[in-house]
1. Determine the share of the chain's accessible area contributed by carbon and sulfur atoms, expressed in whole percent, with a 1.4 angstrom probe.
2. Which cross-chain or sequence-distant (5 or more) residues have an amide H under 5 Å from the amide H of residue 4, H modelled 1.01 Å from N in plane?
3. Counting only helical runs of four or more DSSP H residues, what would the 222 nm mean residue ellipticity of the chain come to if each run contributes -39,500 (n - 2.57) and the total is spread over all its residues?
4. Taking 7 Å along the Cα-to-C-beta vector as the label spot, tell me the residue 41-residue 73 distance in nanometres, rounded to one decimal.
5. Over the chain, give the accessible area per residue in Å² for a 1.4 Å probe, as an integer.
6. Highest mean first, what order results for 40-47, 4-11 on Cβ atoms within 10 Å?
7. Compute the angle between helix 55-67 and the longest alpha-carbon principal axis of the chain, please, reported from 0 to 90 degrees and rounded to the nearest 10.
8. Considering the dipole of the chain built from charges on the beta carbon (Lys and Arg +1, Asp and Glu -1) around the Cα centre, which of 5, 69, 34 is farthest to its positive end?
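The values are calculated or read from the model by the stated rules, or taken from the named source; none is laboratory data. Because the structure is a prediction, the values reported are computed rather than measured. Quick reminder, even Gly has a Cβ in these numbers, built from the backbone with ideal geometry, and neighbours come from all protein chains shown. Surface accessibility is based on the protein's heavy atoms, side chains included, excluding ligands, DNA and RNA. Shrake-Rupley method; radii C 1.70, N 1.55, O 1.52, S 1.80 Å.
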Amino acid sequence: MPTILLIQGWRLFFYADERNEPIHVHCQKGECECKYWIDIDNYEVIEAFAFNMSPRDRREIRAIIFNHFEYISGEWQKFQEKR
């Protein structure tokens, strides 16, 4: 589970055993956990699931993902190439 970003208490990471899923990122902060699909073509971030997340948490992590959209996409590509 490589961590790709630590910011504002959030840990963004990939799971190594999700072979056939499209680009996405897992996020965790304290007791909060979520997963977001990354649609590169439409510059879109779609919530796949969220656990123990407040509306503020959802806004915060979406903003972080959008602010680091290209970085996350690039790290996903590097991660997939290594596998």
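1. Working: 2490 of 5080 Å².
Ligands and nucleic acids excluded, carbon and sulfur reach 49 percent.
2. Amide H to amide H, under 5 Å and 5 or more residues apart or across chains, residue 4 pairs with 12, 13, 14.
3. Working: 2 runs with 27 residues, N = 83.
Roughly -10500 deg cm²/dmol at 222 nm, from the helical runs in the chain.
4. With each label point 7 Å from Cα toward Cβ, the separation is 1.3 nm.
5. 61
6. Working: 40-47: 11.5, 4-11: 13.8.
Taking the mean over residues of other Cβ atoms within 10 Å, the ranking is 4-11, 40-47.
7. For 55-67 against the chain, the angle is about 30 degrees.
8. 5
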